[in-house]
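Enquirer: Submitted below is the structure of interest, expressed as structure tokens.
The values are calculated or read from the model by the stated rules, or taken from the named source; none is laboratory data. Computed from a prediction, not measured in an experiment: that's the story for all the values here. Here the Cβ positions follow ideal geometry from the backbone for every residue, glycine too, while neighbour counts run over all protein chains shown.
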Amino acid sequence: MTIFETLSSLGYGELHFGRDERSGLRAIVALHSTRLGPAIGGSRLRAYATEAEAIEDVTRLAQAMTYKAALAHLPHGGGKAVLISPPGLGTPSFDAAARNEMFRAFGRFVDGLGGRYVTTEDSGTGASDMDVIRGATRHVLGASADQGGSGDPSPLTALGVRRGIEAIAHDVLGKSDLKGLHVAVQGVGHVGTHLARELHQAGARLTISDVDAARRQAIATELGAAVVDPDAILEVECDVLAPCALGGALTEALVGKLKTRVVAGAANNQLRTPAAGRALHDKGIFYAPDYAINAGGLINVAEEFAGYDKDRARKKTLAIYDTLHTIFERSRRENTPPELIADRMAEEIIAAGPVKK
Ligand code: NAD
């Protein structure tokens, strides 16, 4: 597909390219939609085999941000940035000063977009990079807490996932709380660990896994959880399977082997293909759409617009319960997989336009 064909297939939008000779910056900002407000989306730093791959990644990710922000009832559109990993990144020749220079140049690039795109952290970037970007533009969120930012988003992402699980446990399993519910958590990294703690506190029984053996054992000991090897976690017999590792965990072939009633976790893009979603629906397994249930981190960072207030961010994140409940009801009524219902709901919110104040 040509670039314009890609943009038109995703309902775009703008694509901006920025380079800086001195620092080696090569960045692409995709602005999918600003219909509901300034577009928010993280800056991803990674190596790409080709420029076409970078364009495909950034355009798809930005589109997903539009849907995620809309469904979370945020006055924001969707955008995303990728920074193509410069030669030498991670080696002594590309030290902290060189990294900072690149992020300052990126900050100037973002500033030139005049606030229609507001950046934040994503894979490969962190709060300290946001602090550097902040030196060049005010259109950045997620700086460190000691810099007045909202800091690490994963606790609120986990809170939202826990609320989503509560809603679905109620609607699908007829449970009024999480006591005794068996949850299998794939990946106990930033979000998975917070989620496991939330679930443990609520009385759930846990089975966990992680490719990092020391990490999974430490969390299992802390929470009294059962632990299994990474290749076994997805097939554990449980009430809820919570993918919190990488995307694409759910394939059509895997669905046949699942022994759960519900899939509800934090990972982005859990369904490898649309057919995997259809297979889950046909098998009677409820899939909590990833961008609906994992919106807590975005809600948290978006709070910085109004002056960050942790309690307000928590309160808005708790509402993920209602979103999941509505998705469940519509999915049942319309006999349509939940991820398609989530898309419909987001599209309805976007079509209705900005909320009048
Ligand atoms: P992370 O890198 O801190 O944690 C991921 C964990 O999964 C790591 O501990 C890793 O060792 C483990 N892992 C990787 N492959 C595995 C496998 N095959 N089996 C078991 N464990 C495996 O990342 P994170 O910030 O916790 O994010 C987790 C997921 O949630 C990602 O998909 C991310 O995109 C998504 N997400 C995160 C946030 C957030 O606030 N951090 C917000 C929205 C969505």
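Enquirer: Please work out which one of (1) more than 12 Å from the ligand (Cβ to nearest atom); (2) among the small types (Gly, Ala, Ser); (3) surrounded by fewer than 22 Cβ atoms within 10 Å (Cβ to Cβ) is the condition residue 154 fails and give its number.
Expert: Tallying (1) more than 12 Å from the ligand (Cβ to nearest atom); (2) among the small types (Gly, Ala, Ser); (3) surrounded by fewer than 22 Cβ atoms within 10 Å (Cβ to Cβ), residue 154 fails exactly one: (1).
Enquirer: Of all residues in the range 265-313, which are of a type in the set (Asp, Glu) and outside the structural domain of residue 182 (by TED's automatic domain parsing)? First the steps, then the outcome.
Expert: Step one: list which residues in the range 265-313 are of a type in the set (Asp, Glu), which gives 282, 290, 303-304, 309, 311.
303, 304, 309, 311 - these are the residues of the range 265-313 that are of a type in the set (Asp, Glu) and outside the structural domain of residue 182 (by TED's automatic domain parsing).
Enquirer: I've got another one for you. Identify, please: which residue in the range 108-126 is outside any loop (DSSP other than H, G, I, E, B) and within 11 Å of the ligand (Cβ to nearest atom) and is, among those, surrounded by the most Cβ atoms within 10 Å (Cβ to Cβ)? Full working, then the answer.
Expert: Restricting attention to the range 108-126, the residues satisfying the condition of being outside any loop (DSSP other than H, G, I, E, B) are 108-111, 117-121.
Subset that is within 11 Å of the ligand (Cβ to nearest atom): 120-121.
Values: 120: 27, 121: 25.
If we take residues in the range 108-126 being outside any loop (DSSP other than H, G, I, E, B) and within 11 Å of the ligand (Cβ to nearest atom), then 120 is surrounded by the most Cβ atoms within 10 Å (Cβ to Cβ).
Enquirer: Across the range 132-151, which residue is farthest from residue 117 (Cα to Cα) among those that are in contact with an Asp or Glu (Cβ under 7 Å, 6 or more places away or on another chain) and within 16 Å of the ligand (Cβ to nearest atom)? If you could, list the steps in order and put the result at the bottom.
Expert: From the range 132-151, those in contact with an Asp or Glu (Cβ under 7 Å, 6 or more places away or on another chain) are 136-137, 139, 141-144, 147, 149-150; that's our starting set.
Those left that are additionally within 16 Å of the ligand (Cβ to nearest atom): 141-144, 149-150.
On the way: 141: 11, 142: 14, 143: 16, 144: 20, 149: 17, 150: 18 Å.
Ranking the qualifying residues of the range 132-151, first place goes to 144.
Enquirer: Related question: It is to be established whether one or more residues within the range 65-73 are buried (at least 23 other Cβ atoms within 10 Å of the Cβ), part of a loop (DSSP other than H, G, I, E, B) and among the hydrophobic types (A, V, I, L, M, F, W, C).
Expert: Taking every residue of the range 65-73 in turn, at least one turns out to be buried (at least 23 other Cβ atoms within 10 Å of the Cβ), part of a loop (DSSP other than H, G, I, E, B) and among the hydrophobic types (A, V, I, L, M, F, W, C).
Enquirer: Hey, among the residues in the range 256-278 that are touching a strand residue (DSSP E or B) at 6+ places or on another chain (Cβ under 9 Å) and outside any loop (DSSP other than H, G, I, E, B), which one's farthest from residue 297 (Cα to Cα)?
Expert: Result: 276.
Enquirer: Read through the list (1) touching a residue at least 60 places away in the same chain (Cβ under 8 Å); (2) assigned to a helix (DSSP H, G or I); (3) not hydrophobic (A, V, I, L, M, F, W, C), then give the number of the only condition that residue 308 fails.
Expert: For residue 308, the exception is condition (2).
Enquirer: Something else: What's the number of the condition residue 190 fails, among (1) more than 10 Å from the ligand (Cβ to nearest atom); (2) modelled with pLDDT under 95?
Expert: Residue 190 satisfies all of (1) more than 10 Å from the ligand (Cβ to nearest atom); (2) modelled with pLDDT under 95 except (1).
Enquirer: I've got another one for you. For residue 203, work out the one condition from (1) assigned to a helix (DSSP H, G or I); (2) within 18 Å of residue 265 (Cα to Cα) it doesn't fulfil.
Expert: Among (1) assigned to a helix (DSSP H, G or I); (2) within 18 Å of residue 265 (Cα to Cα), the lone unmet condition for residue 203 is (1).
Enquirer: Also, quick follow-up: Residue pairs, Cβ under 8 Å, 6 or more apart or interchain, first in the range 209-231 and in contact (Cβ under 8 Å) with a residue 24 or more places away in the chain and assigned by TED's automatic domain parsing to the domain that holds residue 190, second near the ligand (Cβ under 9 Å from one of its atoms) and of a type in the set (Lys, Arg). List them.
Expert: These pairs meet every condition: 209/216; 210/216.
Enquirer: Still on this structure: Test of understanding: among 162, 197, which residue is basic (Lys, Arg), within 14 Å of the ligand (Cβ to nearest atom) and closer than 18 Å to residue 268 by Cβ? Show your work before the answer.
Expert: Details: 197 fails: closer than 18 Å to residue 268 by Cβ.
Step by step, each of 162, 197 is checked, and only 162 is basic (Lys, Arg), within 14 Å of the ligand (Cβ to nearest atom) and closer than 18 Å to residue 268 by Cβ.
Enquirer: Return the residue satisfying two criteria in turn: it lies in the range 279-288 and is touching a helix residue (DSSP H, G or I) at 6+ places or on another chain (Cβ under 8 Å) and not in a loop (DSSP other than H, G, I, E, B), and of such residues it is farthest from residue 174 (Cα to Cα). Working first, answer last.
Expert: If we filter the range 279-288 for residues that are touching a helix residue (DSSP H, G or I) at 6+ places or on another chain (Cβ under 8 Å), which is where we start, we get 279-281, 283, 285-288.
From what's left, not in a loop (DSSP other than H, G, I, E, B): 279-281, 286-287.
Working: 279: 23, 280: 19, 281: 18, 286: 13, 287: 16 Å.
Across the range 279-288, the extreme among qualifying residues is 279.
Enquirer: Please state which of the following conditions residue 129 fails to meet, knowing it meets all the rest: (1) within 16 Å of the ligand (Cβ to nearest atom); (2) crowded, with 24+ Cβ neighbours inside 10 Å; (3) not assigned by TED's automatic domain parsing to the domain that holds residue 47.
Expert: In the conditions (1) within 16 Å of the ligand (Cβ to nearest atom); (2) crowded, with 24+ Cβ neighbours inside 10 Å; (3) not assigned by TED's automatic domain parsing to the domain that holds residue 47, residue 129 misses (3) alone.
Enquirer: Would you pick out the residues in the range 305-336 that are buried (at least 19 other Cβ atoms within 10 Å of the Cβ) and touching a Leu at 6+ places or on another chain (Cβ under 7 Å)?
Expert: 313, 317, 323 - these are the residues of the range 305-336 that are buried (at least 19 other Cβ atoms within 10 Å of the Cβ) and touching a Leu at 6+ places or on another chain (Cβ under 7 Å).
Enquirer: Can you tell me which residue is farthest from the ligand (Cβ to nearest atom) among those in the range 233-250 that are part of a loop (DSSP other than H, G, I, E, B), within 20 Å of the chain's Cα centre (by Cα) and at pLDDT 95 or above?
Expert: So in the range 233-250, the residues part of a loop (DSSP other than H, G, I, E, B) come out as 236-239, 244-249.
So of that shortlist, the ones also within 20 Å of the chain's Cα centre (by Cα) come out as 244-249.
Now drop any that are not at pLDDT 95 or above, which leaves 244-245.
Working: 244: 5, 245: 4 Å.
Taking the candidates together, the pick is 244.
Enquirer: Could you please let me know if residue 177 is in contact (Cβ under 8 Å) with a residue 24 or more places away in the chain, surrounded by fewer than 24 Cβ atoms within 10 Å (Cβ to Cβ) and not aliphatic (A, V, I, L, M)?
Expert: Working: in contact (Cβ under 8 Å) with a residue 24 or more places away in the chain: yes; surrounded by fewer than 24 Cβ atoms within 10 Å (Cβ to Cβ): yes; not aliphatic (A, V, I, L, M): yes.
When the stated conditions are applied, residue 177 passes them.
Enquirer: A further question on this structure: How about the range 206-232: which of its residues are in a loop (DSSP other than H, G, I, E, B) and of a type in the set (A, V, I, L, M, F, W, C)?
Expert: 211, 225, 228, 232
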